[in-house]
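Have a look at the structure below, then the notes.
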Amino acid sequence: MTSQHVLGVLVIAAFLAVPLIIGGLAARRSTATADDYFVQGRSMGSVAVFFTVTATWWSAFAFLGSNASFYLDGPLYWTALVWNVFFGVMFYWIGKRVWFHGKRGNYVTPRDFFVGLFGSQRLGTFIAIILLVFTLPHLQIQLTGGAYLMEVASDGAIPFWLGALLFYLVIIAYVWAGGVRAIAWTDVFYGVTIFLGLIAGGIFVVGEVGGMGTMFDRIEQVQPDHLVLGDGVWMTWVAMFLITPLGALMGPQMWTRMYATKSARIFDLMPFLVGLMAFAYIGSMLVGNSAVLLDPVIEEADQVLPAVLLEHAPLLLALLVIAAGAGAAMSTANSQVHAMAASYTVDFHERYVQRDLPERKRVWIGRWAILGFSALAYVMTLYVPGLLVTIGLVAFAGLAQVVVPTVGALFWRRASVVGATAGLVVGLVSLAVFTAVPAWAPGPFSEGGGGLLALLLNAAVFTAVSLCTKPRDERLLGLLRSRKHDFDREKWESEDTTDSGEPSGDPGLQGDHQ
């Protein structure tokens, strides 16, 4: 057994043990209630919120996919600097309002929000299904990325299937025990290692080619096209800027963080804080561009970061950065599988399988759902291959469709249930068509803009149909006006109860207003 085998296994074991320890400590603070297990009793502090949001936002898609994108496509991924700021702005603009409605209506899942603000059980369930369907492949990305890193770090001593299984088992262990509190605590550790890992890896690798200036000079000599945004790529740039942050924001794991936040003040800081974290992409740029010179024929682009580090960096540094990448994957996977389990428990099991579940039973149903969704993602990891960025963009494009009814519910009195439903159907069908046959997207949208066009069609249909159909019930609109009045005057710090007359756990007016 080589030194890499031994050291790689030891580093991986350490990074798997740390979240188990942190999760175990968090579990001691947990209570046996669904409110604590799913949204931490709506008491998550500012530090935990910042790190759990940013660590969840920074997934294997970002950690591994960013390096691969710089390696394959040159400057295309630089749009990430802007989309990080945009994500922070959206988390402030939309997230703060979702938090407020969640606090007033005692919402736990995204479905609760849409039932509460549209008064439609069917629309809420439809959106819950959309979120589950498109979050699952993104969960697959995390398991795939983590398994890749374990396999490479151990020099094959931990094969891909075993790496994914270990990844899966560790997540289950601490999320099972501590719920969202365990996730938030471990994400503080992950957030620090992700940021430092990318920066450290980039600084060292660029030093191997003589520094940043030398790197660009040499690329200009041997591959000048790599330094410019190619013809026909601008639409992909625009689509990535919009679809990636909107899709991530609409993921059920982000709704959990919006609901769990204790204070509204952290939302005001998120645009700045998330934008600051985006500077870690400088490390990805340095690795991806340096790899063009150091290793121009890497077969698996998603493995460019570990491949370059293991070849050119000291072994311990390489393994620590690779382990940070595994942390990026785990910090997103834990949140996704937890949010999916919450959705299954609250949105489906309690409504269609067992009504009026006692608190402890709700928590146990959530735990078994975590096991089931993780197992499904593991099977997909083994049998559904694909480039991380490619899978991620399709998943984000599907999740982004939900932003249309979200914005409509929050800001447009004329938004209707029929309009929201029609817009989502058109958007999802269009996305499926443009993903299967990109050439069918007209004009510039055929160059990577199919997801953006699907979103625009969704918005257009939603607007047109809402104008032609029955609006929401006037009593519901009156309730929302009252909430808006309180929100605008920042009457939230002392509000710990649901709205008078609004049923907790099944918010909004009863029945479907079609």
Item to check | helices (runs of 4 or more DSSP H) (entirely within region 413-514) containing at least 2 residues that are at pLDDT 80 or above, closer than 30 Å to residue 345 by Cβ and in contact with a Lys or Arg (Cβ under 9 Å, 6 or more places away or on another chain) | outcome: 417-436, 474-488
Checklist entry - Considering only helices (runs of 4 or more DSSP H) fully contained in region 275-348, which possess at least 3 residues that are within 21 Å of residue 172 (Cα to Cα)? => result 315-343
Checklist outcome for this item: Flagged pairs (Cβ under 9 angstrom, 6 or more apart or on separate chains; first in region 302-314, under 13 Å from residue 148 (Cβ atoms); second hydrophobic (A, V, I, L, M, F, W, C) and outside any helix (DSSP H, G or I)) are 302/387; 304/298; 307/298
Checklist outcome for this item: Of (1) crowded, with 24+ Cβ neighbours inside 10 Å; (2) out of contact with any Phe, Trp or Tyr (no Cβ under 8 Å at 6 or more places or on another chain); (3) modelled with pLDDT of 85 or more, residue 63 satisfies every one except (3)
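The rows are residues; the columns are (1) without any contact (Cβ under 8 Å) to a residue 12 or more places away in the chain; (2) under 30 Å from residue 133 (Cβ atoms); (3) surrounded by fewer than 24 Cβ atoms within 10 Å (Cβ to Cβ).
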site	(1), (2), (3)
256	no, yes, no
259	no, yes, no
288	no, no, no
291	no, no, no
294	no, no, yes
297	yes, no, yes
Next on the checklist: Tally up the residues in region 170-228 that are of a type in the set (S, T, N, Q), buried (at least 17 other Cβ atoms within 10 Å of the Cβ) and more than 30 Å from residue 34 (Cβ to Cβ), please.
Outcome noted: 1
Next on the checklist: Yes or no: region 1-9 includes at least one residue that is at pLDDT below 85 and buried (at least 20 other Cβ atoms within 10 Å of the Cβ).
Outcome noted: yes
Item to check | Qualifying residue in region 115-132 (condition: within 19 Å of the chain's Cα centre (by Cα) and closer than 30 Å to residue 276 by Cβ) | outcome: yes
Next on the checklist: Could you check region 253-266 and list, in sequence order, the residues that are closer than 9 Å to residue 46 by Cα and part of a helix (DSSP H, G or I)?
Outcome noted: 265, 266
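Every residue, every condition in (1) at pLDDT 90 or above; (2) charged (D, E, K, R); (3) not in a helix (DSSP H, G or I), yes or no:
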{"residue": "73", "(1), (2), (3)": "no, yes, no"}
{"residue": "79", "(1), (2), (3)": "no, no, no"}
{"residue": "85", "(1), (2), (3)": "no, no, no"}
{"residue": "122", "(1), (2), (3)": "yes, yes, no"}
{"residue": "134", "(1), (2), (3)": "yes, no, no"}
{"residue": "139", "(1), (2), (3)": "no, no, no"}
{"residue": "148", "(1), (2), (3)": "no, no, no"}
{"residue": "156", "(1), (2), (3)": "no, no, yes"}
{"residue": "163", "(1), (2), (3)": "no, no, no"}
Checklist outcome for this item: Condition set out of contact with any Pro (no Cβ under 9 Å at 6 or more places or on another chain) and over 11 Å from residue 347 (Cα atoms), scope region 110-121, selection surrounded by the fewest Cβ atoms within 10 Å (Cβ to Cβ): answer is 119
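The values are calculated or read from the model by the stated rules, or taken from the named source; none is laboratory data. Quick caveat: nothing in here was measured; it's all calculated off a predicted structure. Note that we place each Cβ from the backbone using ideal geometry, even for glycine, and neighbour counts take in every protein chain shown.
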